[in-house]
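Trainee: Got a structure here, written out as structure tokens. Questions coming.
The values are calculated or read from the model by the stated rules, or taken from the named source; none is laboratory data. This one's a predicted model, so the numbers in the text were calculated from it and none came from an experiment. Don't worry about glycine lacking a Cβ; one is built from the backbone with ideal geometry, like all the others, and counts go over all protein chains shown. Ligands, DNA and RNA are stripped out before the accessible areas are found, and what is left, the full protein with its side chains, is counted by its heavy atoms. Shrake-Rupley method; radii C 1.70, N 1.55, O 1.52, S 1.80 Å.
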Amino acid sequence: MSWLQKLLPPKIKSKPQGAKSVPEGLWSKCSACEAVLYRTDLDNNLDVCPKCGHHNAISARKRLDYLLDQEARFEIGAEVQPVDFLKFKDSKRYPERLTAAKEDTGEDDALVVMQGSILSLPVVVCAFEFKFIGGSMGSVVGERFTRGAKVAIEQNVPFICVAASGGARMQEGLTSLMQMAKTSAILTKLAEARLPFISILTDPTMGGVSASFAFLGDIVMAEPGALIGFAGPRVIEQTVRETLPEGFQRAEFLLEKGAIDMIVDRRHMRQRIASAITLLMRQPAVSGSA
Amino acid sequence: MKTTFLDFEQPIAELEGKIEQLRFVQDDSAVDISVEIGHLQKKSQELTKSIYAKLTPWQISQVARHPQRPYTLDYIKGLFSDFEELHGDRAFSDDPAIVGGLARFNGQTIMVIGHQKGRDTKEKIFRNFGMPRPEGYRKALRMMRLAEKFGIPVLTFVDTTGAYPGVGAEERGQSEAIGRNLFEMTRLKVPVIVTVIGEGGSGGALAIAIGDIVQMLQYATYSVISPEGCASILWKSAEKAPEAAETLGITATRLKTMGLVDKVLTEPCGGAHRDPQAMITTLRKSLQDALKQLQDKSIDELLEARFERLMGYGKFKEVAIG
């Protein structure tokens, strides 16, 4: 029985006129194919539309939850918190933006780092929270990333980063630009230790994040349809004064141009990461239960 | 060459205009007005000094972009001998927005690499307004590796609005090219001295700016985003650029205070373009000192200090969790 047959008739029968009786968030419309989906089905499918395969944006915690085994997860770098050292003020003050982002996401900055395992392989994984000021990279993101990589080196385990970011955080001025240098620099130590860095690019990966560690992966993966690039499409359009080709800066375009190794469906991500890690580290294959 | 004056320099421009007129009169006049001219020149100097004493960050960013400001090739000509320019990334093409090559500095071999802007319209287009494409960064990396192979110190000059935002640049991996340089420069086994001479525009600047000593000319700027870009994103109006320049903290003195640059090189009164020779003298002295300082250290010490410097970037607080 399909999800539609299972769910539609009883709802319609029991409360024919009561739109209000349907709990909030039970249904979800796919932003790509506009199919109406039952929330539970979407959840069970890792937020990938079962109809068209569109990969919906997910939070950093959800990402880590989808990637890591249930047991033995430890968060790294949560003690590192943002400060407004420039007293930055545009239409809003920076602390106000931080507070609003925290209320919105439950996070105190745009990167969550965890030690755990994928199919029983020990790893350290970072995930960007795009809803936290556009997943922008400032001091806290740089420091948490660095601490995560250091733990990976100490524990002799692979390091993985799932990017979703608009770039550097303007509210921290040049210090945020220097996070590009810092995050790239720590990867030289990971390389010295011959530990894999797997970089996973999701929608969107732009600017300072794209132009630092994101493409320094020993293996670079991307989710289908993800927008990935240095300059934003609007900036490029204004510069070259022409409309951009269809699919420009999408994962499929990058694969064609030779910029990434592979496009990986979120539903296969755990197995593909495990496979890449075991192959690189010359370890036996893991049995492939998701 | 006739000096181009910026908006805020208009009072100086008027005075200089008057001096010019008097000189013209002097040529076919029996009366000696050289005293008067001398007096006005002194006044113009003082006026320049007083205006430059209190420049706003936005005004400084105008000076950093001054059309007559010395560019990388001007400094190469003034500082080095036997410059052998090297071309191409060996993969796609040669990017004229980044120049570099081998040269002698006080007789010693160095590798110099810098962004290059154009002076007239034709050269501006040829140099792509100093905005590099991936092949520029790859050429730079190739030259750095060559320097490393032969134990030659690297001197870089930073002066770009930013990496070029174009279709081809994206297709050929602008992001990867920049990221790769950050990674490789971290562990490049020769001394690297970075000088921001004009505009330090974001990732496009940083891609040749990882080093052991980072110095800035007094009226150079270094920023995560241009004031205009920042204003149009955060204020939704490019007109707020002066406010953005203020709050972003892009000037040499501010960045020195924050510990992001090591040294600020004082410019001649009215900016480097008013007296390029004096600027070159200052720069020569400073590069000599920097080289001396770095060459006294072992390469391991150098790399460790470079790494620790990179790790030290960032301001945050640490709180107890749980």
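Trainee: The conditions are (1) touching a Pro at 6+ places or on another chain (Cβ under 8 Å); (2) within 14 Å of chain A (Cβ to nearest Cβ); (3) free of Cβ contacts under 8 Å to residues at least 60 places away in the same chain; (4) open to solvent by 10 Å² or more (accessible area, probe 1.4 Å), and B:Y164 fails exactly one of them. Which is it?
Mentor: Here B:Y164 meets the rest and fails (3).
Trainee: Condition test on A:S136, is it of a type in the set (S, T, N, Q), open to solvent by less than 30 Å² (accessible area, probe 1.4 Å) and farther than 18 Å from A:L64 by Cα?
Mentor: yes
Trainee: Here's another thing I want to ask about it. Please go through the stretch B:82-110 and pick out each residue that is open to solvent by 10 Å² or more (accessible area, probe 1.4 Å), closer than 20 Å to B:P191 by Cβ and within 21 Å of the chain's Cα centre (by Cα).
Mentor: B:F83, B:L86, B:L102, B:R104
Trainee: Next question. Looking at (1) touching a Phe, Trp or Tyr at 6+ places or on another chain (Cβ under 9 Å); (2) facing chain B (nearest Cβ under 7 Å), which one does A:R266 not meet, given that it meets all the others?
Mentor: (2)
Trainee: Sort through B:F150, B:F157, B:F105, B:F126 and tell me the only one that's farther than 27 Å from A:L177 by Cα and touching a residue at least 60 places away in the same chain (Cβ under 8 Å).
Mentor: From the options B:F150, B:F157, B:F105, B:F126, the qualifying one is B:F105.
Trainee: Scan the stretch A:194-213 residue by residue and report those that are on the phi > 0 side of the Ramachandran plot and facing another protein chain (nearest Cβ under 8 Å).
Mentor: Selection gives A:G207 alone.
Trainee: Report, ordered by the first and then the second residue, all pairs with beta carbons closer than 7 Å, sequence separation of six or more or different chains, a first member in the stretch A:75-104 that is more than 10 Å from chain B (Cβ to nearest Cβ) and over 16 Å from B:G249 (Cα atoms), and a second member that is at pLDDT 95 or above and surrounded by fewer than 20 Cβ atoms within 10 Å (Cβ to Cβ).
Mentor: A:I76/A:Q115; A:I76/A:R147; A:I76/A:V151; A:P95/A:D84; A:K102/A:D108; A:D104/A:K131
Trainee: If only one of A:A211, A:A185, A:A149, A:A163 is open to solvent by less than 10 Å² (accessible area, probe 1.4 Å), touching a Ser or Thr at 6+ places or on another chain (Cβ under 9 Å) and free of Cβ contacts under 8 Å to residues at least 12 places away in the same chain, which one is it?
Mentor: Matching residue, one of A:A211, A:A185, A:A149, A:A163: A:A185.
Trainee: Those residues that are more than 8 Å from chain B (Cβ to nearest Cβ) and within 30 Å of A:R270 (Cβ to Cβ), I need them from the stretch A:229-252; list them, please.
Mentor: Selection gives A:G247, A:R250, A:A251, A:E252.
Trainee: Could you list, in sequence order, the residues of the stretch B:167-179 that are outside any helix (DSSP H, G or I) and within 7 Å of chain A (Cβ to nearest Cβ)?
Mentor: Residue satisfying the conditions is B:G173 alone.
Trainee: So, in the stretch A:232-242, exactly how many residues are open to solvent by 10 Å² or more (accessible area, probe 1.4 Å) and in contact with a Phe, Trp or Tyr (Cβ under 9 Å, 6 or more places away or on another chain)?
Mentor: Count: 2.
Trainee: Please state which of the following conditions A:T175 fails to meet, knowing it meets all the rest: (1) touching a Gly at 6+ places or on another chain (Cβ under 9 Å); (2) more than 28 Å from B:L234 (Cβ to Cβ); (3) surrounded by 24 or more Cβ atoms within 10 Å (Cβ to Cβ); (4) within 7 Å of another protein chain (Cβ to nearest Cβ).
Mentor: The one condition A:T175 does not meet is (2).
Trainee: Regarding B:G312, is this residue within 13 Å of chain A (Cβ to nearest Cβ), within 30 Å of A:G232 (Cα to Cα), modelled with pLDDT of 95 or more and open to solvent by 10 Å² or more (accessible area, probe 1.4 Å)?
Mentor: yes
Trainee: For the stretch B:136-161: of the residues being open to solvent by 10 Å² or more (accessible area, probe 1.4 Å) and outside any helix (DSSP H, G or I), which is farthest from B:L86 (Cα to Cα)?
Mentor: B:T161
Trainee: If the Cβ limit is 6 Å and pairs must be 6+ apart or interchain, which residue in the stretch B:67-96 that is closer than 14 Å to B:A272 by Cβ pairs with which residue that is among the charged types (D, E, K, R) and surrounded by 15 or more Cβ atoms within 10 Å (Cβ to Cβ)?
Mentor: Filtered contacts from the stretch B:67-96: B:Y71/B:K117; B:L79/B:R284.
Trainee: Looking at (1) among the aliphatic types (A, V, I, L, M); (2) farther than 20 Å from B:A147 by Cβ; (3) in contact with an Asp or Glu (Cβ under 6 Å, 6 or more places away or on another chain); (4) part of a helix (DSSP H, G or I), can you tell me which one B:I321 breaks?
Mentor: (4)
Trainee: Which of the helices (runs of 4 or more DSSP H) contained wholly in the stretch A:19-117 include at least 1 residues that are surrounded by fewer than 20 Cβ atoms within 10 Å (Cβ to Cβ), charged (D, E, K, R) and modelled with pLDDT of 95 or more?
Mentor: Those helices (runs of 4 or more DSSP H) span A:60-67, A:94-105.
Trainee: If a residue has to be within 13 Å of chain A (Cβ to nearest Cβ) and on the phi > 0 side of the Ramachandran plot to count, how many in the stretch B:121-161 make the cut?
Mentor: The qualifying residues number 2.
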